[in-house]
Each structure stands twice: as structure tokens, then as C-alpha cells.
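The values are calculated or read from the model by the stated rules, or taken from the named source; none is laboratory data. Quantities reported herein were computed from a predicted structural model and do not represent experimental measurements. Cβ coordinates were reconstructed from backbone atoms using ideal geometry, including for glycine residues, and neighbour counts include every protein chain displayed.
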Amino acid sequence: MVRAMLDPKLFDDLARRLANALPTGVKELQEDAEKNLRSILQASLSKLDLVTREEFDVQARVLARTREKLDKLEKTITALEGQSNGSEGKPHNDQTRQ
């Protein structure tokens, strides 16, 4: 999988929100906590195999086209099987000449 480049602003915003959620007594350490939370988030998320939204969308389109082709092939096979089953009881031209 392609590793996604995660937006640093996302980490900053998330770390800031988490730091703001800390109790009042701990808020004195808010800046330090924010930096630590940002580092923890970046380290944790960088270990995940993530794809970009663009790559996900491309793969979703490929999957949709593949499903459409599969549906068409299944219909074709069903039709051919129907033709084959319908002609099983009938002799072929080669068999009638004998």
C-alpha cells in the first residue's frame, strides 16, 4: 500500500483540541502537552498503512468497473448455458447425416 502523507495541520489541530480538553490544573502545561500529544499522534498514525483519498477513489472506480464487467460476463455465461441446455436434446447437423 502507499503510505499517505498526513497533513501536519491535522496533527496540530488534533493535539490542540486534546490539550484544550485537559483539566484546568493541567492546562498550565498545555504547550508541552500539545507537543507531546502531536508527537504521539504522528508516531502512532505513521505506523499504519494508509492510502491517500485520491488512491482510494481510483481503486473504488476500478472496483466498480470490474463489477460491471463481472455482471456482464455472468449474464453471458448464463445465456450460453441456456443455449447449450436447449440444444442438448437436439442432434447436431453432423449427427443427422449418419
Looking only at residues in segment 48-83 that are acidic (Asp, Glu) and assigned to a helix (DSSP H, G or I), which one is farthest from ASN20 (Cα to Cα)? GLU81
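Would it be correct to say that ILE40 is in the same structural domain as ASN20 (by TED's automatic domain parsing) and either loosely packed, with under 10 Cβ neighbours inside 10 Å or over 19 Å from the mean Cα position of the chain (by Cα) (or both)?
On the way: in the same structural domain as ASN20 (by TED's automatic domain parsing): yes; either loosely packed, with under 10 Cβ neighbours inside 10 Å or over 19 Å from the mean Cα position of the chain (by Cα) (or both): yes.
In short, yes.
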Which pairs do you get when a residue that is at pLDDT below 75, found in segment 21-32, comes within reach of a residue that is part of a loop (DSSP other than H, G, I, E, B), reach meaning Cβ atoms under 6 angstrom, with the pair 6+ apart or on two chains? none
What's the total number of residues in segment 34-78 that are touching a residue at least 40 places away in the same chain (Cβ under 8 Å) and among the polar types (S, T, N, Q)? 2
Failed item, numbered, when LEU45 is tested on (1) surrounded by 10 or more Cβ atoms within 10 Å (Cβ to Cβ); (2) at pLDDT 80 or above; (3) within 27 Å of the chain's Cα centre (by Cα); (4) not in a loop (DSSP other than H, G, I, E, B): (2)
